[in-house]
Amino acid sequence: MLVQRPRGRVRGGLIAVAGLLAVTGLGALAPTTQAADRLVSDARYALVHGCYALRSEAAGRLVVKTADGYAATATDPTTAEGFRMQATGLGSYILYGRGADFLSTNGTRVVTTKDSGPAADFTVAPTAADTAFTLVSAAGKALVTGPGGVLTLATPGAAGDAGTFTFVPATGCQDFPEAELNATGTPAKGATPYSQTRGLIDAHMHMMAFEFLGGDLHCGKPWDPYGITHALPTCSKDNLVNQQGEIVVDNFLAGNPNVAQPQDPVGWPTFNDWPEHRSLTHEQSYYRWLERAYLGGLRVFVNLFVENHALCSLYPVKHNSCNEMESVRLQARRLRQLQDYIDAQEGGPGKGWFRIVKDPFEARRIINAGKLAVVPGIEVSNLFDCGLTNGTPTCDRGQVDRGLAEAYNELGVRDMELINKFDNGFGGVAGDTGATGVVVNVGNKTETGSFWDLETCNGPAEESDHEQYTLPGTGRDELLGRALGILAPGGATPVYPPPPHCNKRGLSALGEYLVRKMMQRGMIVDPDHLSVVARKSLLAVTEAEGYSGVISSHSWSTKDAYPRLYRAGGIITPYAGNTTSFLKAWTQIKPTRDPRYVFGFGWGADMNGFGGQGGPRGGPNPVAYPFTSFDGAVTFERQKTGVRTFDINTDGVAHYGLYPDWLQDLKNIGGQEIIDDMARGSEAYLQMWERAVGISPEFRVRREARLKFGPRGLGLVKLGVAPEELLRGAGQPADRKARVWSYRVKGRGNDKARVRAVFTPSERVGLITSVAPRHRAADVGKGTAATRLAGKVRAFGPGILIRSAGQGRRYVYGVRKGKVQWTAVATATAAKSPARLRSYLRLAGLR
């Protein structure tokens, strides 16, 4: 696959079937009826980005543009109108003409327009005979050919043959406006669907936050059915929304309260002043920018649905509900719509690189297919509408059960924080510091009826919540704090004792109940934003259960929690920020890792509303373009969107597509070691998630020193099972290389001994081997004299002896210099012939 492809390229050549083949003179090559049916159904998706002329089957002519619309009058494809087929969804398109215009509708008329929208949106579907297509507008009217070949509209039921069309490949079409990838190469894939992964992880992102805070404070969105000109438009300064959202809020958040210096609001195509690394109210995660990060090796992407009722309620203009769970539901729908949209751009259902996953097994397969595993999550203050009023939760266990069931089963949520900015029914919050902390505390009073109840901590200063003081400052989550400061009514906060400060409110009984219910479902628990005392209590609960599904996703936990998270088998992904601060965080955190688990590192971007991004680093050793991705698979130039070109050295992380550049800058200042750790991020996350859903960790399932091979396998390592079944039975292996999983062996002298399971091409264990002396097959193991096997075995190639194990299985012995060197058991498939068996043994490292 060529990644950096012009959007105008016709994918896969000729796509139409039966009728189209006849039109193009290729009727003799028409497929069988069964294949034709399949191709017609697929062909409507394969139209995407292609350049086609539209042929009316009723008129037998090709469509041309006329002075007042369109008509099917041409016989020569070179004189027909050429349309670029731009997908708006799965099976729906806008038809982009050579004059940078659109075939559109106006009432019952078919017209030309310069802007796309619902009136220009057509669903393309195969006819009942599966030989052509119908085009039905968003208003439910079918495109038909009238007298003189003039295109008009009719009800689908009355369209008949006049409403059937085919698509003929054309040339000279306009390229539809789009952000460039500026990346060439093929994204790396895993050796097998079940092997170890290699990829990057962002464990804290808010891609659907364009819908939060009522949906009108944020300018732009990650995609729009009608393209980038609609997704990243000019943000008008002529209404209250954008006066507040862009000028007052955004400039103030960036530490510039001078409203006399407004931003240039123009988006596509100039982007003079946005996206910008400090901007918090302009879109930074347009889907093509995310695609560029994916091409750079991003393989796990945790999207957290986010909302804040207090600020949403105060903001004067909105079109969405301020209820936090309603917002979560809306954002969950939007996430799936984005997946469908990307599928549409890539040629049909399931073909896109953006895949929402439900468990670690599906995620592993997605990643090894060279795609991005997207994990839905939640980060709100009133989770399940469970707030706090005068110290009393506003929900009960029944409401928690119903909310969790909905989140898990209906919304696909697998990762959650219990809390965000305010105390709630599950526990106390860590709070914010500086000027942000003052106004967020006022918000806490508004939401709960009380200010934070803080005291001077008894423990070390690093085990404290955020200090409260009133001097101006800048810091994390300023969108909330500064916007509340602008919009919220004033109020004096309490006078707190000297720092360090700790919130007295810990994990409530209801909070502990929720954590236990999350563990029962194998969900990932993120204790970020909790007060120190609440987080310590939460970790005590997870530790008591031996639960690994814990993560600190964006530097909102205290340092004392990090060793505990690693001992549990969890992972840590600090706030990304700039490369210098991130490198420092890695240097401090890595020594606390637990060697029993795979160590991988990642980041939490916290982009799209709550966290500013890293600015230009400056200094020596800047990023030189072009550069290659960490795995060498993709080469990157400076990213271009519209007429603006972005450079990490001067723009910082202005948008998400600059994370490959950010990683290269991290390599420049941190060296290869941190990049290797980042490359293991996806594997560390998946293994943590596996343990959360009940897979035993490797150090607890090492094979016993004394075991007997049998026809079913060796101990818990079974023949004939699939990868997930082997995991559930035998636990996590020490490594997973291509078709071979390896398990360590207990006991003295077995440090290098391994039990290896080799999978068949159909993903079933076909061979199990061991070099441990006491792993014996029919009482024969490594070191046994080969004479013990006399009369019981037969040769099956040089140095290989086999005998029946019963149930159609074979014991296999490797012999050299009169001694058995290894033992194994194989299925009939793996031992079908000496050559087949040797190929399996070679994979196991025994030939």
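Numbers for the structure displayed
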{"read-out": "Subset tally (residues that are under 13 Å from the mean Cα position of the chain (by Cα) and among the acidic types (Asp, Glu)) for the stretch 342-366", "value": "2"}
{"read-out": "Filtered residues of the stretch 568-600 (kept if touching a Gly at 6+ places or on another chain (Cβ under 8 Å) and among the basic types (Lys, Arg))", "value": "Arg596"}
{"read-out": "Whichever residue in the stretch 685-725 is over 24 Å from Ala363 (Cα atoms) and among the aliphatic types (A, V, I, L, M) and, among such residues, is most open to solvent (accessible area, probe 1.4 Å)", "value": "Leu716"}
{"read-out": "Selection status of Leu767, in contact with a Phe, Trp or Tyr (Cβ under 6 Å, 6 or more places away or on another chain), of a type outside the set (Phe, Trp, Tyr) and free of Cβ contacts under 8 Å to residues at least 24 places away in the same chain", "value": "no"}
{"read-out": "Cβ-Cβ under 6 Å pairs, at least 6 apart or on other chains, the stretch 547-563 side open to solvent by less than 10 Å² (accessible area, probe 1.4 Å), far side in a loop (DSSP other than H, G, I, E, B) and of a type in the set (S, T, N, Q)", "value": "Ser553/Thr573"}
{"read-out": "Number of the condition not met by Val328 [criteria: (1) part of a loop (DSSP other than H, G, I, E, B); (2) farther than 29 Å from Arg680 by Cα]", "value": "(1)"}
{"read-out": "Options Gly190, Gly140, Gly172: the member that is within 19 Å of Asp101 (Cα to Cα) and in a loop (DSSP other than H, G, I, E, B)", "value": "Gly172"}
{"read-out": "Per-region count, the stretch 598-620, residues open to solvent by 30 Å² or more (accessible area, probe 1.4 Å) and under 26 Å from Gly570 (Cα atoms)", "value": "1"}
{"read-out": "Residues of the stretch 176-187 that turn out to be touching a Leu at 6+ places or on another chain (Cβ under 9 Å) and either open to solvent by less than 10 Å² (accessible area, probe 1.4 Å) or in a loop (DSSP other than H, G, I, E, B) (or both), as a count", "value": "5"}
{"read-out": "Which listed residue is closer than 17 Å to His230 by Cβ and surrounded by fewer than 17 Cβ atoms within 10 Å (Cβ to Cβ), from Thr75, Thr108, Thr113, Thr88", "value": "Thr113"}
{"read-out": "Checking Arg7 against (1) closer than 13 Å to Val168 by Cα; (2) open to solvent by less than 60 Å² (accessible area, probe 1.4 Å); (3) charged (D, E, K, R); (4) modelled with pLDDT under 95, the condition it does not meet", "value": "(1)"}
{"read-out": "Output for the stretch 211-237, where each listed residue is among the hydrophobic types (A, V, I, L, M, F, W, C), at pLDDT 95 or above and touching a Pro at 6+ places or on another chain (Cβ under 8 Å)", "value": "Ile228, Ala231"}
{"read-out": "Any hit, the stretch 452-459, residues being out of contact with any Leu (no Cβ under 7 Å at 6 or more places or on another chain), at pLDDT 90 or above, surrounded by fewer than 22 Cβ atoms within 10 Å (Cβ to Cβ) and outside any loop (DSSP other than H, G, I, E, B)", "value": "yes"}
{"read-out": "Exclusive hit being farther than 17 Å from Asp661 by Cα, over 19 Å from the mean Cα position of the chain (by Cα) and of a type in the set (D, E, K, R), set Asp594, Asp606", "value": "Asp594"}
{"read-out": "Hits in the stretch 799-844 (condition: closer than 15 Å to Val740 by Cβ, open to solvent by 20 Å² or more (accessible area, probe 1.4 Å) and in contact with a strand residue (DSSP E or B) (Cβ under 7 Å, 6 or more places away or on another chain))", "value": "Leu843"}
{"read-out": "Which numbered condition Thr573 fails, given (1) of a type in the set (S, T, N, Q); (2) in contact with a Lys or Arg (Cβ under 8 Å, 6 or more places away or on another chain); (3) buried (at least 18 other Cβ atoms within 10 Å of the Cβ); (4) farther than 18 Å from Val693 by Cα", "value": "(2)"}
{"read-out": "Met678, sole failed condition from (1) outside any helix (DSSP H, G or I); (2) buried (at least 21 other Cβ atoms within 10 Å of the Cβ)", "value": "(1)"}
{"read-out": "Val300 vs. criteria part of a strand (DSSP E or B) and of a type outside the set (Phe, Trp, Tyr)", "value": "yes"}
{"read-out": "Cβ-Cβ under 8 Å pairs, at least 6 apart or on other chains, the stretch 176-205 side closer than 24 Å to Gly577 by Cα, far side among the hydroxyl-bearing types (Ser, Thr, Tyr) and surrounded by fewer than 19 Cβ atoms within 10 Å (Cβ to Cβ)", "value": "Ala183/Thr635"}
{"read-out": "Members of the stretch 662-684 that are touching a strand residue (DSSP E or B) at 6+ places or on another chain (Cβ under 8 Å), within 27 Å of Leu280 (Cβ to Cβ) and touching a residue at least 60 places away in the same chain (Cβ under 8 Å)", "value": "Leu663, Met678, Gly681"}
{"read-out": "Criterion: more than 21 Å from Gln86 (Cβ to Cβ) and touching a Pro at 6+ places or on another chain (Cβ under 9 Å) - qualifying residue of Gly190, Gly146, Gly163", "value": "Gly163"}
{"read-out": "Counted residues, the stretch 648-675 - those being of a type outside the set (S, T, N, Q), surrounded by fewer than 24 Cβ atoms within 10 Å (Cβ to Cβ) and assigned to a helix (DSSP H, G or I)", "value": "7"}
{"read-out": "Residue count, the stretch 726-752 (criterion: assigned to a strand (DSSP E or B) and either at pLDDT below 95 or buried (at least 21 other Cβ atoms within 10 Å of the Cβ) (or both))", "value": "5"}
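Condition check ((1) at pLDDT below 95; (2) closer than 30 Å to Gly60 by Cα) across all residues:
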residue: Thr164; (1), (2): no, yes
residue: Phe176; (1), (2): no, yes
residue: Ser195; (1), (2): no, no
residue: Asn242; (1), (2): yes, no
residue: Val248; (1), (2): yes, no
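The values are calculated or read from the model by the stated rules, or taken from the named source; none is laboratory data. Since we're looking at a predicted model, the values are computed, not measured. Don't worry about glycine lacking a Cβ; one is built from the backbone with ideal geometry, like all the others, and counts go over all protein chains shown. Note: accessible area is taken over every heavy atom of the protein model, side chains too, but ligands, DNA and RNA are not part of it. Shrake-Rupley method; radii C 1.70, N 1.55, O 1.52, S 1.80 Å.
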